[in-house]
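What follows is a single structure, written as structure tokens, with notes after it.
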Amino acid sequence: MPQLPPIFSINGIIPANKAFYKWYFVIIIWSLLLTSCGKSLTSHAVKKQDELQIFDVTKFGAVGDSVTVNTKAIQRALDECYKAGGGIVLIPKGVYSSGALFLKSNVHLKLDKEAKLRAVAGLENFPELKNTRIAGIHMNWPSAFINALNANNIKISGEGTIDGSGYYWWEPYWQKRAVLVKTVPGDLIDWHVPRPRLILFDKVTDSEISGLRLQNSGFWTVHICYSQNIQLTDLNIFNPVLEDGKKAASTDGIDVDSSRDIFIRNCIISVDDDCIAVKSGRGSDGLRVNIPTENVVIEDCTFLEGHGGVSIGTETAGGIKNVFVRNCKAMGNKAPIKFKPRPGRGGVIENITHENWEMEKVGTVIDYALREVNGDDYIDEWQKIKVPFVAATPRYRNITIRQVKASQSGKAISFLGWPLAHAENIIMENISIEAKNGARFQYVDNLVLKNVEVKTAGQSFEFLEVQNKIHIPGPIK
């Protein structure tokens, strides 16, 4: 177990208070607990493969010729599987085009190695979901390609591919955005261009998604919302940032949204926007719902293209706590360890631990950037509801980052709070970064840096308005 930093003063700096050390002990305990939580998720809910009845979609009329629209045939297979008490709905070799599909409890959708399940064009093929959560608030929105709603013991797996045919949606999005951006804030444009997510788990328990390639989502790829005990393992998620003139739009890889006990392991993600985003609602609507995201383990993942690797925010109204990220890699990502505090989003974000990262050619290794807050009550962007300043302003605290190595980076660390919304209780230790620009900390209360080495041609460290700082420099052994 890591040792607590000694209580002493360096260069007259006031040592962190007792609450700071109490928190440091708590976060270590949480790290140990969360490490083992994934081992127990879903194991009690999934029957052995040889005990499950198989429902081959071709027996229900599906044709894997890429042309036939198989929505009704595949849905019949899914429904019959549910009526039989559960089983495996098999997508065999071939390309099966379909509109939205809906899974119910105890159904396992399995794709063979040479199978592809491909979304068709047209919003008419994606029935509208009433009062579903989109980017932090509730509204009516097209259903996802694959939907599990109010269900348990769902499994989506195999060695095949689920393809959202995002190219049907991306170009119209960019065209509309070019017009809307003149009058609509950028953060709101997504809501003006409805398009389907790839996979939605909404109020789902004891379930998993594993083994698949998930690609070309029209919007977010995997959205886990109001759910519990979910495993996401061995996924390859790809939404092209730029490939043959195609550019994905707002295609987060995995969004964990007001959910708990989530385990993500061994995923490779390359997308436009965040690879993994941890969220809990936005503004007045998120505060109304007030459901946190908690107990999340992310391990052994690789993050390629993306605005962030693991991003905490921007939607935080319900709060986020107990997130443990370990043994991950990043190459070419803009900000692998990313915190996205935004005024108006609300919530308390606490007990976040990152451990053992390797990075190469990333933008900013550790990025925390709060936009300006001025103390005024906040007017909700979409619903135009006034939210008191205290409730509207997110509070980030109790963050530990250790064992990070990064080379050929653009910026080492950008950890910038705001005068009226400081980050609190930040520990960084055993970190070695090679970057064009150094580390900057501003408006942070209770900061410990131990064996943090920044190799840069300019200034390695800059501290502005940092209270209670312990800086123990030294190379990593």
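The values are calculated or read from the model by the stated rules, or taken from the named source; none is laboratory data. The structure displayed is predicted, hence computed values, not measured ones. Here the Cβ positions follow ideal geometry from the backbone for every residue, glycine too, while neighbour counts run over all protein chains shown. The accessibility values were calculated without ligands, DNA or RNA, using every heavy atom of the protein model including side chains. Shrake-Rupley method; radii C 1.70, N 1.55, O 1.52, S 1.80 Å.
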### Task
For Asp255, work out the one condition from (1) open to solvent by 10 Å² or more (accessible area, probe 1.4 Å); (2) without any contact (Cβ under 8 Å) to a residue 60 or more places away in the chain; (3) acidic (Asp, Glu) it doesn't fulfil.
(1)
### Task
From (1) open to solvent by 20 Å² or more (accessible area, probe 1.4 Å); (2) over 20 Å from Lys116 (Cα atoms); (3) not hydroxyl-bearing (Ser, Thr, Tyr), pick out the condition that doesn't hold for Ile189.
(1)
### Task
Could you give me the residue pairs with C-beta distances under 7 Å whose first residue belongs to the stretch 126-144 and is free of Cβ contacts under 8 Å to residues at least 60 places away in the same chain and among the polar types (S, T, N, Q), whose second residue is assigned to a loop (DSSP other than H, G, I, E, B) and open to solvent by 10 Å² or more (accessible area, probe 1.4 Å) wherever it lies, and which are 6+ apart or on separate chains?
Ser143/Pro127
### Task
Could you pull out the residue among Ile209, Ile264 that is surrounded by 24 or more Cβ atoms within 10 Å (Cβ to Cβ), under 28 Å from Asn106 (Cα atoms), touching a strand residue (DSSP E or B) at 6+ places or on another chain (Cβ under 7 Å) and free of Cβ contacts under 8 Å to residues at least 40 places away in the same chain?
Ile264
### Query
Looking at the stretch 295-412, what strands (runs of 3 or more DSSP E) fall wholly within it and have at least 1 residues that are open to solvent by 50 Å² or more (accessible area, probe 1.4 Å)?
320-331, 348-360
### Message
Filter the stretch 104-127 down to the residues that are outside any loop (DSSP other than H, G, I, E, B) and touching a helix residue (DSSP H, G or I) at 6+ places or on another chain (Cβ under 6 Å) and list them by number.
### Response
Val107
### Task
Residue by residue through the stretch 75-91, note down the ones that are crowded, with 17+ Cβ neighbours inside 10 Å and without any contact (Cβ under 8 Å) to a residue 40 or more places away in the chain.
Gln75, Arg76, Ala77, Leu78, Asp79, Cys81, Tyr82, Gly87, Ile88, Val89, Leu90
### Task
Please state which one of Lys436, Lys384 is more than 24 Å from the chain's Cα centre (by Cα) and under 20 Å from Ala317 (Cα atoms).
Lys384
### Filter pass, Asn437 being modelled with pLDDT of 95 or more and either on the phi > 0 side of the Ramachandran plot or part of a loop (DSSP other than H, G, I, E, B) (or both)
no
### Summary
When Gln408 is run through (1) within 25 Å of Thr456 (Cβ to Cβ); (2) out of contact with any helix residue (DSSP H, G or I) (no Cβ under 7 Å at 6 or more places or on another chain); (3) in contact (Cβ under 8 Å) with a residue 60 or more places away in the chain, the failure sits at (3)
### Query
Out of Asn322, Asn327, which single residue is on the phi > 0 side of the Ramachandran plot and in contact (Cβ under 8 Å) with a residue 60 or more places away in the chain?
Asn322
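Within the stretch 223-260, count every residue that is under 16 Å from Ala151 (Cα atoms) and out of contact with any Ser or Thr (no Cβ under 9 Å at 6 or more places or on another chain).
So the answer is 1.
Within the stretch 93-107, can you find the residues that are under 24 Å from the mean Cα position of the chain (by Cα) and not small (Gly, Ala, Ser)?
Leu101, Phe102, Leu103
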